[in-house]
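Q: Take a look at the following structure, please.
No value in this document is a laboratory result; all are computed from the given coordinates. What you see is a predicted model, and the numbers here were worked out from it, not measured in a lab. Here the Cβ positions follow ideal geometry from the backbone for every residue, glycine too, while neighbour counts run over all protein chains shown.
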Amino acid sequence: RTSDKQYIFDFAFDEKSSQEEVYNLTTRSLVRDVLLGYNATVFAYGATGAGKTHTMVGTPSQPGIMVRALNDLFTSIADKEPAHRVKLSYLELYNENIRDLLNPSA
């Protein structure tokens with residue numbers, strides 16, 4: 001039995017896309033929303049070796065989405081009153097197992 005399936009997506013990037021371009025189009029507006037009090041989630045999905053970690057973390061010279069988002073967030077709240085509390089999680093779901101990447105021993 002076959003059936004047609006349709007998927008909706010906002011953006012597609014190729015290997016020429018820069019980390020900055022991916023961040024600006026997918027995540028920068030979420031940081032602004034967080035600063036307004038909303039919650040946000042960035043979810044990277046794909047096959048092993050597809051580049052999820054590269055997109056999320058990047059390199060020292062080309063930081064990824066997560067690094068750029070945290071830089072923008074902490075730059076925005078620095079020296080602001082009242083003090084802010086930031087809570088975040090960084091999880092990996094692999095083979096139906098969830099791993100806390102901020103506390104790998106948990």
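Q: Residue 101's amide H: which non-local residues (gap 5+, or another chain) put their own amide H closer than 5 Å, with H modeled 1.01 Å from N in plane and none for Pro or chain starts?
A: 90, 91, 92
Q: Could you work out the helix-only [θ] at 222 nm for the chain, with each DSSP H run of four or more residues adding -39,500 (n - 2.57) and the total divided by the number of residues, to the nearest 500 deg cm²/dmol?
A: The helix-only estimate for the chain comes to -9000 deg cm²/dmol at 222 nm.
Q: Which order do 8, 98, 65, 77 fall in if you start with the one that has the fewest other Cβ atoms within 10 Å? Working shown, then result.
A: Details: 8 4, 98 8, 65 20, 77 14.
Ranked by crowding around the Cβ, least crowded first: 8, 98, 77, 65.
Q: If you don't mind, there's one more thing I want to ask. Kirkwood Rh, Cα Rg: Rg to Rh for segment 1-48?
A: Details: Rg = 14.8 Å, Rh = 13.5 Å.
Expressed as Rg/Rh, it is 1.10.
Q: Then there is this: Starting from segment 15-106, pick out the GluC sites (Glu not before Pro) whose DSSP state is loop and whose Cβ has at most 13 other Cβ atoms within 10 Å.
A: 15, 96
Q: Enter the Cα centre distance for the pair segment 1-69 and segment 73-91, rounded to the nearest angstrom.
A: 21 Å
Q: Between residue 58 and residues 5 or more places away or on another chain, which pairs have amide H atoms under 5 Å apart, with H built 1.01 Å from N, and which residues are they?
A: 64
Q: Right, here's the next one. Counting pairs of alpha carbon atoms under 8 Å apart in space and at least six apart in sequence, what relative contact order in percent does the chain give?
A: So the answer I get is 18 percent.
Q: Same structure again: If the viscosity is 1.306 mPa s and the temperature 10 °C, what translational diffusion coefficient in µm²/s does Stokes-Einstein give for segment 32-106 when Rh comes from Kirkwood over Cα pairs?
A: Answer, rounded: 111 µm²/s.
Q: I need the trypsin sites (Lys or Arg not before Pro) found in segment 1-82, filtered to DSSP loop residues with at most 11 other beta carbons within 10 Å of theirs.
A: Sites meeting the loop and neighbour criteria: 1, 5, 16, 80.
Q: Moving to a separate point now. Report the residue, chosen from 61, 76, 18, that carries the largest GNM mean-square fluctuation when the chain is represented by alpha-carbon nodes joined by springs under 10 Å.
A: In the Gaussian network model the winner is 61.
Q: Right, another one. In what sequence do 86, 67 fall when counting other Cβ within 10 Å, fewest first?
A: Listing 86, 67 from fewest to most nearby Cβ atoms yields 86, 67.
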